[in-house]
1. Test of understanding: ordering T119, T103 by Cβ neighbours within 10 Å, fewest first, what list do you get?
2. Quick one: D234, D223, fewest Cβ neighbours within 10 Å first, how do they rank?
3. Taking square-rooted eigenvalues a ≥ b ≥ c of the alpha carbon gyration tensor, is the range 124-222 rounded, prolate or oblate, where a/c under 1.5 means rounded and, failing that, a/b exceeding b/c means prolate?
4. In terms of modelled amide H atoms, which long-range or inter-chain residues lie less than 5 Å from the amide H of A167?
5. Taking the number of other C-beta atoms within 10 Å as the exposure measure, put I226, I169 in order starting with the fewest.
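Rule-based calculations on the coordinates, nothing more; no lab input. Because the structure is predicted, anything quoted here is derived from the model rather than measured. Reconstructed Cβ throughout: ideal geometry from the backbone, glycine too, with neighbour counts over all protein chains shown.
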Amino acid sequence: GDACDNADLYYRFWQVQLDDGTIGWAAEANNTNYFIEPISAAPPTATVTATETFTDTPTITHTATFTPSETATETPTATSTSTATSTNTPTPTATETPSVSCTATVSAGDTAALISAITAANTSGASPDTICLTQSTYILITVDNTTNGANGLPSITSDITIVGNGAVINRDAAAPAFRLFHVAANGSLTLENLTVSGGDASGAAPADDGGAIYNRGTLILIDSTITGNSASADGGGIYTSGTLTINGSGGGLYTTSTTLTVSGGQISGNNGNARGTQALVSGAVPQDLRS
């Protein structure tokens, strides 16, 4: 109404229903005047319709996504690498020493067994025999035979090798005079690593030749020593009319043979009253045998 033109007035309207069922409008003004006017023709009704408005607000969700990545992992591989290296390292070489097959082995100092072994070898005669001694001294005190003079050991009539192994065969100083070895024309004697000493050849010829050895056959000395022997005639150490080979050995000798082989060695310590105190050889004389 007009009151609306007055800026000092205001109204509040609301729709009410009285006890008698009358529906009308009620108004309240700032001057506290109230009135109710029944509603005959309802004024336009303001209908408030609640409208749900959905506002699509983007929601940003940060999601940590881990995507497995194929990672190439290098795994060290043990590789065996053979590198050929040329090394000049001396390799110990086993030097093959020819084995000695002993026909008989003589115990230390057993002179009687040595004599028996030589006798057995002479008797067999079919094949070479090797007699092995033990490092010791074998002492001769009696004469065994008188072939070409007195001899302390049996005369060699077959192929015999005596391996001394550092042994010594010696005539006892109190024994009668005799040489130690006699080699017959059909005999062959090899002495290896043996010392022969103390022989004494004396008496009527030929007993006075070859203080240690009287050789008519084949005599080979290997790394052996003929020393401290004597003869009243020829060959204080060795008298030979056969074949003599000396290798690394020594001894005074007299030879009437045309075959003499000397390789090393020294002739010393023997005494021959006639010829061959150290050496007397027909023809050319090896330098190391000259006295």
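1. Numbers: T119 12, T103 16.
Neighbour counts put them in this order, fewest first: T119, T103.
2. Fewest-to-most ranking of D234, D223: D223, D234.
3. Verdict is oblate for the range 124-222.
4. Distant-sequence amide H within range of A167: S136, T195.
5. Details: I226 31, I169 25.
Going from least to most buried by this count: I169, I226.
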